[in-house]
Amino acid sequence: MKKLIALLLILAAILTLSSCKKNFYEPVESTELEATTVMTLKYGGRTYEVKYELYRAFFLTYKSTVDGGDDSVWSGEEKDKYVSEIRNVILDKILEIYSTIALAESIGIDPYSIEVGKKVNDYIKLSVEGGPLDGVTYPGYGSYEAYLAALKALHLNYSVQTLLFRYAILSDMIEDYYIGELDETDIESGVISLGELKYTRDDVKDFYDGEGCLRVLRTFVSEEMDLDSLARAERTRREIELAAAVGESAVRDAMIDMGSTTSVPELENGFVMGRYNLNSLLYGEMTDVAFGLELGGVSPVITVHDGTQLKHYILYRAQKSDSHFDANYSEIAYVYLRNEIGSYYTDVAEDMRGSVSFTSFLEGLDHSEVRD
């Protein structure tokens, strides 16, 4: 996903811009515990070892979605049920990362090449010192020590952060391999393909007309907009649900009246999404909810952290049409291409899921004792 690097760079509030001129920051070795293997995955004749440090990061990040804020469940009588549930959540996240590594290797990209390693170091330097990326200038953490402290506050360590950078870098390299440096402007100019993925207008139309493609209207309330953003989002949802009884035009008007931050062109045209085109680490829940909606249905509030802030989304499932397809072909074609690539990741991930093997260390792990 383009811009994913930027999202990873600003997972928390960025501190002050640094004047540090270092070109390289000394790696921080993982402890013996952190480097302990918790599971293995297999794909294409290769075996991938997943370390405790990654499992711990996801556990501490997502545990509250399972325990509801009650830490006692991890040592209570039903602890096995909760462990099973969180393990499924964590496995989905781990498969997202390792399916990317495996897919990269399957098309001839070396995840541990000098080129990729240099990019990882460049992003660590950018995280610490700040600087430009994709036309945006980001402040840094002020010092390497502050950067490492910020990682710890996010339940990460140096090794996990570099793995996330590597994952993001490979995501962009895979996209370049399949579709090249392609955007909606290129499609409007008549370029059919700049990469290995070939397609026709009929392919895009089949995708658009199928059950694997939706058109939605969406709006969101962010924490930046309102300190009580969730309550505001719930009020917005109630207004949209009332408007949905009238139709799409009324929903659009309600979103505008409630102060939607969604652009007017998107509200006019709708947002086209496939099952696989959005990054599942960030938008997996949004995709699941969207594809569960009936035509004309309104979603519950969906909370997403997009790497910069929390956003509370509300979706309305809108009608697709031939006229909409013709008017928005370039956007839809790009979604189709991203969706095709996303389906490749999904196929690899499901293959890997069938190979997963938990180690005795993980089987015996006391989740009530998992700490940073």
- For strands (runs of 3 or more DSSP E) lying entirely in the stretch 271-372, having 2 or more residues that are in contact with a Cys (Cβ under 8 Å, 6 or more places away or on another chain) picks out 271-274
- Item | Tally of residues being over 19 Å from the mean Cα position of the chain (by Cα), in a loop (DSSP other than H, G, I, E, B) and crowded, with 21+ Cβ neighbours inside 10 Å across the stretch 120-162 | 4
- Could you identify the single residue in 283, 334, 313 that is in contact with a helix residue (DSSP H, G or I) (Cβ under 9 Å, 6 or more places away or on another chain), touching a residue at least 12 places away in the same chain (Cβ under 8 Å) and open to solvent by 30 Å² or more (accessible area, probe 1.4 Å)? 334
- Log entry, pairs with first residue in the stretch 67-82 being surrounded by 10 or more Cβ atoms within 10 Å (Cβ to Cβ), second being of a type in the set (S, T, N, Q) and part of a helix (DSSP H, G or I), beta carbons closer than 6 Å, six or more apart or on different chains, reads 74/368; 75/368
- Task: Looking only at the stretch 93-116, decide whether some residue is free of Cβ contacts under 8 Å to residues at least 12 places away in the same chain and either surrounded by 17 or more Cβ atoms within 10 Å (Cβ to Cβ) or assigned to a helix (DSSP H, G or I) (or both).
- Result: yes
- Residue count, the stretch 197-229, condition among the acidic types (Asp, Glu) and assigned to a helix (DSSP H, G or I), comes to 4
- Enumeration of residues in the stretch 194-241 that are under 16 Å from residue 337 (Cα atoms), basic (Lys, Arg) and exposed (fewer than 15 other Cβ atoms within 10 Å of the Cβ): 198, 201
- Given the conditions (1) open to solvent by less than 30 Å² (accessible area, probe 1.4 Å); (2) assigned to a helix (DSSP H, G or I); (3) closer than 19 Å to residue 292 by Cα; (4) not β-branched (Val, Ile, Thr), every one holds for residue 254 apart from (3)
- Is it true that residue 28 is over 26 Å from residue 144 (Cα atoms), β-branched (Val, Ile, Thr), open to solvent by less than 70 Å² (accessible area, probe 1.4 Å) and in contact (Cβ under 8 Å) with a residue 12 or more places away in the chain? no
- Go through 260, 249, 299 for me and flag whichever is within 23 Å of the chain's Cα centre (by Cα) and at pLDDT 95 or above. 299
- With (1) over 29 Å from residue 110 (Cα atoms); (2) in a helix (DSSP H, G or I) as the list, and residue 186 as the residue in question, which single condition is left unmet? (1)
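Looking at this structure, is residue 366 at pLDDT 95 or above, more than 30 Å from residue 33 (Cβ to Cβ) and surrounded by fewer than 16 Cβ atoms within 10 Å (Cβ to Cβ)?
no
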- Message: Would you confirm, using the coordinates I've provided, whether residue 327 is open to solvent by 40 Å² or more (accessible area, probe 1.4 Å), in contact (Cβ under 8 Å) with a residue 12 or more places away in the chain and either over 30 Å from residue 201 (Cα atoms) or among the small types (Gly, Ala, Ser) (or both)?
- Response: yes
- Query: What are the residues in the stretch 265-324 that are touching a Lys or Arg at 6+ places or on another chain (Cβ under 6 Å) and over 18 Å from residue 237 (Cα atoms), if any?
  - Reply: 272, 277, 320
- Task: Find all pairs meeting these conditions: Cβ atoms under 6 angstrom apart; at least six residues apart or on different chains; first residue within the stretch 264-278 and touching a residue at least 12 places away in the same chain (Cβ under 8 Å); second residue small (Gly, Ala, Ser) and in a helix (DSSP H, G or I).
- Result: 276/342; 276/343; 277/342
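The values are calculated or read from the model by the stated rules, or taken from the named source; none is laboratory data. Everything numeric in this text was worked out from a predicted model, so none of it was measured. Positions of Cβ are backbone-derived with ideal geometry, glycine not excepted, and every protein chain shown enters the neighbour counts. Just so you know, the surface numbers come from the protein's heavy atoms only, side chains and all, with ligands and any DNA or RNA stripped out. Shrake-Rupley method; radii C 1.70, N 1.55, O 1.52, S 1.80 Å.
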